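Heads up, the thing below is written out as structure tokens.
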Amino acid sequence: MGHAMELGVGTNSSHARNLQATRSHHLDLAASGINMKKIEDVDTFSQYSEPLLHLMATIPKNEKVAVGVFLAVFAPDTDHQPSYVLEKYNERTSSSAWLDTEFAPSGNKTSMFFGPNFLSNNLYQLSPIEDLELAKTLVRPSSLVVEDLSKQKNFSKEGYGSVPRAYIVCTKDIAIPLEYQLLMIKNTGFNDVLKIKGADHMPVNSKPRELFDSLEKIATKYA
């Protein structure tokens, strides 16, 4: 449940302070969206992140990631193991909140498959009906790979913590409630926090104009 985005800027470009010099990337991680890998073949966070790692490897040495943008996603900190933010979420979330989501063992992890009730009530409740219906036809099994994350070391301040980060709050997100979004922001520490009022878990559908404006503000600041 989340979207990975980054904004990069060429440090040696004569337009480095111009919005036109900023490039954004939105990609589907392994076994997500249009990525063709199956969840049965993704057992670790490293495997899940392969598309992002491949993208990072293509960034020229004279360029850098200007800012990482967190939108409708879990945000780990550097003080705990990567699984901490998910484990605390699960502790606070009753089993009934998952509605018709199906959980099943899959290799060394637990997979989950969102049912139509969870999609319509928790993810797309404020989105246009056509987007919800499309989601119902495209939904795929996924996993939070908590089992693997619980074995990993903390993200480092020198790496993960060194890149400026911005969090875009979705006030009507039921899947990751506002209270938990604010808790993650407090624990992780963000350079910028923006808010989209009335956005559900899918702001690109429920509040596209406001999402664009938020991303534009971030891009302009870090261009």
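Observations on the model:
To keep it simple, each residue is scored yes or no on (1) in contact with a strand residue (DSSP E or B) (Cβ under 9 Å, 6 or more places away or on another chain); (2) in a strand (DSSP E or B).
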{"residue": "L55", "(1), (2)": "yes, no"}
{"residue": "V65", "(1), (2)": "yes, yes"}
{"residue": "V73", "(1), (2)": "yes, no"}
{"residue": "P82", "(1), (2)": "no, no"}
{"residue": "S120", "(1), (2)": "no, no"}
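- If you check K186, K153, K217 for being basic (K, R), in a loop (DSSP other than H, G, I, E, B) and either on the phi < 0 side of the Ramachandran plot or surrounded by fewer than 16 Cβ atoms within 10 Å (Cβ to Cβ) (or both), only one passes: K153.
- The set of residues in the stretch 197-214 that are in contact with a strand residue (DSSP E or B) (Cβ under 9 Å, 6 or more places away or on another chain) and buried (at least 16 other Cβ atoms within 10 Å of the Cβ) comprises A199, D200, H201, M202, P203, S206, K207, E210, L211, S214.
- Of residues in the stretch 121-137 being polar (S, T, N, Q) and surrounded by fewer than 18 Cβ atoms within 10 Å (Cβ to Cβ), the one farthest from the chain's Cα centre (by Cα): T137
- Comparison of R140, R165 shows that the only residue that is surrounded by fewer than 18 Cβ atoms within 10 Å (Cβ to Cβ) and not acidic (D, E) is R140.
- All positions within the stretch 189-210 that are touching a helix residue (DSSP H, G or I) at 6+ places or on another chain (Cβ under 8 Å), farther than 18 Å from G68 by Cα and not in a helix (DSSP H, G or I): K197, G198, A199, D200, H201, M202
- Residue among L132, L123 that alone is in contact with a His (Cβ under 9 Å, 6 or more places away or on another chain) and under 22 Å from M202 (Cβ atoms): L123
Read-outs throughout are calculated quantities, based only on the coordinates presented, and are distinct from any laboratory measurement. Bear in mind the structure is a predicted one, so any value in this text is a computation, not a measurement. No Cβ is skipped: glycine too gets one built from the backbone with ideal geometry, and neighbour counts run over all protein chains shown.
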